[in-house]
Amino acid sequence: MARKILVLADIRDNSFRNVSFEAIAAAKKVASGGEVLSVLLGENVSGLATELIYYGADRVVTVENSSLKDYTSDAFSQALLQVIHSETPDAVFMGHTAVGKDLAPRIAMKKQAGLISDAIDLEAVGEEVIFTRPIYSGKAFEKKVISEGIILATIRPNNIAPLEKDESRTGEVTAVSVDIKDLRTIIKEIVRKSTGGVDLSEAKIVVAGGRGVKSEEGFNKLNELAEVLGAAVGASRGACDAEYCDYSLQIGQTGKVVTPDLYIALGISGAIQHVAGMSNSKCIVAVNKDPEATIFTIADYGIVGDLFEVLPLLIEEFKKE
Ligand code: FAD
């Protein structure tokens, strides 16, 4: 069954989050010869549209509006609902990002539609699209379908490979206008924390520290390793609670979910709530002085030792690469 699938592009600092391309690839997987239409909401973003075509979108709809300069659920949901209304897609996909997590339930409620959140895989079987998503903090997986109405889904970053970028792909780009009114939230200013570096939720390598890192200065050493590896820095809640680092770095059940190629855990015990946010990493390396630490049960490589001795050695070795 051919499906028309609308994919919301996720933009940050005027460039796409990778999950935008991954969601296009997800849509391609189940469109079954139908159309994959990407939607770009923002201000002065139309110039980015062709990139979505290069990554597989058949068509792009751009919506430029000053109210869409920064994300607010109010303005974005009004704009997206109008596009959904005029395009009448069979399904709407977006990244399981801060934006997707906020916007998708709102759209589902307005459309009285079912929502599958945090999908890590999907397949089309006959009339149905079967989604796979983790449950019980990643300890099990469930397969789910939406049996009637429009299908809404958020796609977990770093799980579905994007299509190869192909600059010879062509597709129509259409600008549409929407009517955004009665906004109850207006962003006056965004004050960013100066975390800099690589975006944690999309990073290919994550260097994460726990309570074992012992201090803010200890985290500076972690930053050094991250810099050498081109990695993002993450943390356990233990480290955040101890004020060694900012909560924006927290990985886990109540923090960010990451799925990098390489996850290096330093001084992290491996509590279930932490593991929920990183167990799908492709390769896990754990450094812990306690040989019984739970983290070793999920690690591909374990180093039993004092992280303050191991860390400088790792930095030195990786610098040679
Ligand atoms: P600890 O458990 O204290 O572990 C520190 C580890 O460092 C130990 O294994 C120790 O052997 C090792 N160590 C100490 N010194 C050294 C050294 N010099 N060299 C090498 N190793 C050393 N936690 C999260 O991380 N993310 C979440 O999202 C999250 N959500 C939660 C939600 C709820 C509702 C609850 C109840 C808890 C949540 N937690 C979460 C907390 C979680 O249960 C753990 O308390 C937390 O993950 C522990 O952090 P930690 O591993 O850094 O600290």
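Details
- Rh (Kirkwood; distinct C-alpha pairs) - segment 198-265, Å: 11.4
- Placing pseudo-labels 7 Å out from each Cα toward the beta carbon at Asp199 and Asp166 gives an inter-label distance of 2.5 nm.
- Residue-by-residue Karplus 3J(HN,Hα) for segment 31-40, coefficients 6.51, -1.76, 1.60, Hz, glycine and proline x: 5, 6, x, x, 9, 9, 10, 9, 10, 10
- Interchain or long-range residues, amide H under 5 Å from Gly95's placed H: Ile155
- Pair-distance profile P(r), taking every C-alpha pair of segment 1-107, with 10 angstrom steps and integer %: 16, 53, 29, 2
- Of all DSSP beta bridges confined to segment 117-263, the antiparallel ones make up roughly 55%.
- Helices in the chain, meaning DSSP H runs of at least 4 residues, each add -39500 (n - 2.57). Divided by all residues, the mean residue ellipticity at 222 nm is -8000 deg cm²/dmol.
- Neighbours of Glu316, meaning other residues whose beta-carbon lies under 14 angstrom from its beta-carbon, give a summed charge of -2 when Lys and Arg score +1 and Asp and Glu score -1.
- Working note: Karplus 6.51/-1.76/1.60 with θ = phi - 60° gives segment 112-117 the couplings 6, 10, x, 10, 10, 9 Hz, where Gly and Pro are set to x.
- When peptides 132-140, 47-55, 83-91 are ranked by their average number of other Cβ atoms within 10 Å per residue, the highest-first order is 47-55, 83-91, 132-140.
- Distant-in-sequence amide contacts of Gly234, defined by a placed amide H-H separation under 5 Å and a gap of 5 or more residues or a different chain, comprise Val207, Ala208, Gly209.
- Whole-number D in µm²/s for segment 190-321 (Stokes-Einstein; Kirkwood sum over Cα pairs; 37 °C, 0.692 mPa s): 230
- Listed residue (Thr62, Asn14, Pro312) projecting farthest to the positive dipole end of the chain, Cβ model: Thr62
- 3J(HN,Hα) from dihedral phi, segment 216-225, Karplus parametrisation 6.51/-1.76/1.60, rounded to Hz, x for glycine, proline: 5, 5, x, 5, 4, 5, 4, 4, 5, 4
- Heavy-atom surface of the chain, accessible at 1.4 Å and reported per residue (Å²): 49
- Folded to 0 to 90 degrees: helix 73-87 orientation relative to the chain principal axis, Cα: 50
- Share of carbon and sulfur in the accessible heavy-atom surface of the chain [1.4 Å probe, %]: 48
- Rounded to 5, percent antiparallel among DSSP beta bridges of segment 185-321: 0
- Charge context of Val99, other residues only, Cβ under 10 angstrom, K/R +1, D/E -1: +1
- Taking Cβ atoms as reference points and 10 Å as the exclusive limit, the residues near Leu81 contribute a net charge of +3, counting Lys and Arg as +1 and Asp and Glu as -1.
- For the chain, the mean projected area of the C-alpha convex hull, equal to one quarter of the hull surface, is 17.4 nm².
- Reciprocal mean inverse distance between Cα atoms of segment 64-184 - Kirkwood radius, Å: 16.1
- Counting DSSP beta bridges with both ends in segment 1-127, the antiparallel % (nearest 5): 15
The values are calculated or read from the model by the stated rules, or taken from the named source; none is laboratory data. In this text, all values refer to a predicted model and were calculated from it rather than measured experimentally. Note that each Cβ is placed from the backbone with ideal geometry, even for glycine, and that neighbours are counted across all protein chains shown. For the accessible areas, the whole protein counts, side chains as well, though only heavy atoms, and no ligand, DNA or RNA atoms are used. Shrake-Rupley method; radii C 1.70, N 1.55, O 1.52, S 1.80 Å.
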